[in-house]
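Below is one structure, written out as structure tokens, with a few remarks after it.
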Amino acid sequence: MRRFLPALLLVLVGAAGERALKAGVFEPPRAAPEFSLTGSDGADLTLSRYRGKVVVLAFGFTSCPDVCPVTLGTLARARKELGAEGRELQIVYVTVDPERDDAERMRTYLASFDPSFVGGTGSPERLEAVRKEYGILAEKKAATAGYTVAHSSYTYLIDRDGKLRALMPYGRPSGDYVHDVRILLAQ
């Protein structure tokens, strides 16, 4: 199996005008690694389930105090800003904290941002394998109230055909997602 790390990206930030993606681009695009997890919606969660839609794949956890809620809030705004086109966008959020994040907890958490968002959980070993395929780092760290998980905070943009197209860094505004999703939807 191949690992997809951010170092494999060619970053094109608006260099070629309006048709260029604002996120870092995978050149050439390649198949996003498939996985099978327990979905927060009660169904098996696989990427192939969303063929025909653009997918934004994010990794995080429901107890995250800052980065994850900002990212999910940004993605919820982007989906809303897309209007009717937002139905062609699927947000998939894979946990880095399987000890606390069961399917029900993820469903409730994600619904507070957008009820269409789907979370993925599973055994620590299965989730570790998914993180490895996507080059996601996650490390459990002691905290005042138990523990937290330090983790990679970028998101992947996957086109309708299941190909990795771009990597969006943390902190980008919803408008950047709207711009890039519209380009991917038009292809």
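The values are calculated or read from the model by the stated rules, or taken from the named source; none is laboratory data. All figures in this text were calculated on a predicted structure; none of them were measured in a lab. We place every Cβ from the backbone using ideal geometry, glycine too, and count neighbours over all the protein chains shown.
All but one of (1) closer than 22 Å to Asp176 by Cα; (2) surrounded by fewer than 20 Cβ atoms within 10 Å (Cβ to Cβ) hold for Ala111; state the number of the condition that does not hold.
Ala111 satisfies every listed condition except (1).
Given the options Ala76, Ala58, Ala111, Ala129, name the one that is modelled with pLDDT of 95 or more and in contact with an Asp or Glu (Cβ under 8 Å, 6 or more places away or on another chain).
From the options Ala76, Ala58, Ala111, Ala129, the qualifying one is Ala76.
Evaluate the following for Ser153: is it of a type in the set (Ser, Thr, Tyr) and under 22 Å from Gly52 (Cα atoms)?
Taking the combined requirement at face value, the residue does not satisfy it.
For segment 159-187, enumerate the residues that are part of a strand (DSSP E or B) and either free of Cβ contacts under 8 Å to residues at least 24 places away in the same chain or in contact with a helix residue (DSSP H, G or I) (Cβ under 8 Å, 6 or more places away or on another chain) (or both).
Within segment 159-187, Arg165, Ala166, Leu167, Met168 meet the criteria.
Of all residues in segment 40-66, which are buried (at least 16 other Cβ atoms within 10 Å of the Cβ) and hydrophobic (A, V, I, L, M, F, W, C)?
Hits for segment 40-66 are Leu45, Leu47, Val54, Val55, Val56, Leu57, Ala58, Phe59, Phe61, Cys64.
Going through segment 132-176 one residue at a time, which ones are in contact with a Cys (Cβ under 8 Å, 6 or more places away or on another chain) and either among the hydrophobic types (A, V, I, L, M, F, W, C) or surrounded by fewer than 16 Cβ atoms within 10 Å (Cβ to Cβ) (or both)?
Val149
Any residue at all in segment 120-134 that is under 15 Å from the mean Cα position of the chain (by Cα) and closer than 12 Å to Ser40 by Cα?
Taking every residue of segment 120-134 in turn, at least one turns out to be under 15 Å from the mean Cα position of the chain (by Cα) and closer than 12 Å to Ser40 by Cα.
So Lys141 passes all but one of these: (1) modelled with pLDDT under 95; (2) out of contact with any strand residue (DSSP E or B) (no Cβ under 9 Å at 6 or more places or on another chain). Which condition number does it fail?
(2)
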